[in-house]
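What follows is a short report on a single structure.
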Amino acid sequence: MESANQLVSVGTFQVLKLPLGFIRVLEWLFAIFAFATCGGYSGQLRVSVDCQLDKASSNLSIGINFAYPFRLHQVSFEAPLCDGRRRESLFLIGDYSSSAEFFVTIAVFAFLYSLMATIVYIFFQNEYRENNRGPLIDFIVTVVFAFMWLVSSSAWAQALSDVKVATDPDEVQELISACKVMTNKCGSVQGPRWSGLNTSVVFGFLNFVLWAGNIWFVFKETGWHKGGPARYAGAPPEKQAATFSQQQPYNQGSFDQSGGYSGQGDREQASEYSPVGEPTSYSNQM
């Protein structure tokens, strides 16, 4: 407990009030939402096959489950052939795992980096600014992540559009042999819910906006910025003392109220003397 209190006392949590630290916190929160809504998704669709000539073979609720990472070509289901008790095994079409896994990977690494950067801002500020190396690395990584968020979010948005088409109940019915026979009736019972995956795309582009906007604030910390690196509110004690001495004008008359020092008294004593070589007053000459 004591070590935790010491660590908190050393940390400069006021950096979280600045745009650089505050945006970093938003970045790792939004990254969590991005990979959670995509990586944790599972959906289901249902179709029906009504065999007119063989009602016993009909299946009015064929459930097809799919989930992240959306390797749909590995998702199998069984459908009746409407020819006795025979059934056929079918697979969905498409493999969209590369785009989905790329998006989730960027989100996980962005979360880890933004969390690590926030910890460095708070507890290792002096090491971060040493030789301007920390701000330069931070700037380069921020630019790379902003670009990767744009690429991964765009790729995942396109892949999600293809997943919606591949799992459309009307499209799935075309894979079933019995549905190609005019005497049989096929229909859609239930379609997948896309709210979670739509949200993941939104969070992906929001992360791009956050990382792209944070490029400017990280750039201001580097030596490339003309104004020099910005100072956090929790600067080292030496810098705080120097700043205080510059801001507070020296008052000669109120330096020590208890020690007897009086700037006004010294000035009165000095005024009794005339220039060098001359008597101070007429009474002294006498």
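The values are calculated or read from the model by the stated rules, or taken from the named source; none is laboratory data. None of these values were measured; they are calculated from a predicted model. Note: ideal-geometry Cβ built from the backbone for every residue, glycine included; neighbour counts use all protein chains shown. Just so you know, the surface numbers come from the protein's heavy atoms only, side chains and all, with ligands and any DNA or RNA stripped out. Shrake-Rupley method; radii C 1.70, N 1.55, O 1.52, S 1.80 Å.
Details
- Test: E174 is under 30 Å from V15 (Cβ atoms), modelled with pLDDT under 95 and surrounded by fewer than 16 Cβ atoms within 10 Å (Cβ to Cβ): no
- Selected residue [part of a loop (DSSP other than H, G, I, E, B), touching a Phe, Trp or Tyr at 6+ places or on another chain (Cβ under 8 Å) and in contact (Cβ under 8 Å) with a residue 24 or more places away in the chain] from F30, F35, F70: F70
- The single condition among (1) over 30 Å from E221 (Cβ atoms); (2) in contact (Cβ under 8 Å) with a residue 24 or more places away in the chain; (3) of a type in the set (A, V, I, L, M); (4) buried (at least 17 other Cβ atoms within 10 Å of the Cβ) that I93 does not satisfy is (4).
Conditions (1) among the acidic types (D, E); (2) open to solvent by 30 Å² or more (accessible area, probe 1.4 Å); (3) closer than 12 Å to A34 by Cβ, marked per residue:
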{"site": "I106", "(1), (2), (3)": "no, no, yes"}
{"site": "A110", "(1), (2), (3)": "no, no, yes"}
{"site": "N126", "(1), (2), (3)": "no, yes, no"}
{"site": "G134", "(1), (2), (3)": "no, no, no"}
{"site": "T142", "(1), (2), (3)": "no, no, no"}
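- Among the residues listed as S57, S61, S76, S48, the single one being of a type in the set (S, T, Y), more than 27 Å from D162 (Cβ to Cβ) and surrounded by fewer than 20 Cβ atoms within 10 Å (Cβ to Cβ): S57
- Residue within segment 126-138 that is hydroxyl-bearing (S, T, Y), in a helix (DSSP H, G or I), within 30 Å of T222 (Cβ to Cβ) and under 24 Å from the mean Cα position of the chain (by Cα) present: yes
- Odd one out for L206 among (1) under 30 Å from R46 (Cα atoms); (2) open to solvent by 40 Å² or more (accessible area, probe 1.4 Å); (3) not hydroxyl-bearing (S, T, Y): (1)
- Residue in segment 119-155 that is modelled with the lowest pLDDT, counting only those that are more than 12 Å from A212 (Cβ to Cβ) and aromatic (F, W, Y): Y128
- The residues of segment 38-62 that are part of a helix (DSSP H, G or I) and among the small types (G, A, S), listed by number, are G39, A56, S57.
- Only listed residue being in contact (Cβ under 8 Å) with a residue 12 or more places away in the chain, assigned to a strand (DSSP E or B) and aliphatic (A, V, I, L, M), chosen from V189, V141, V172, V163: V189
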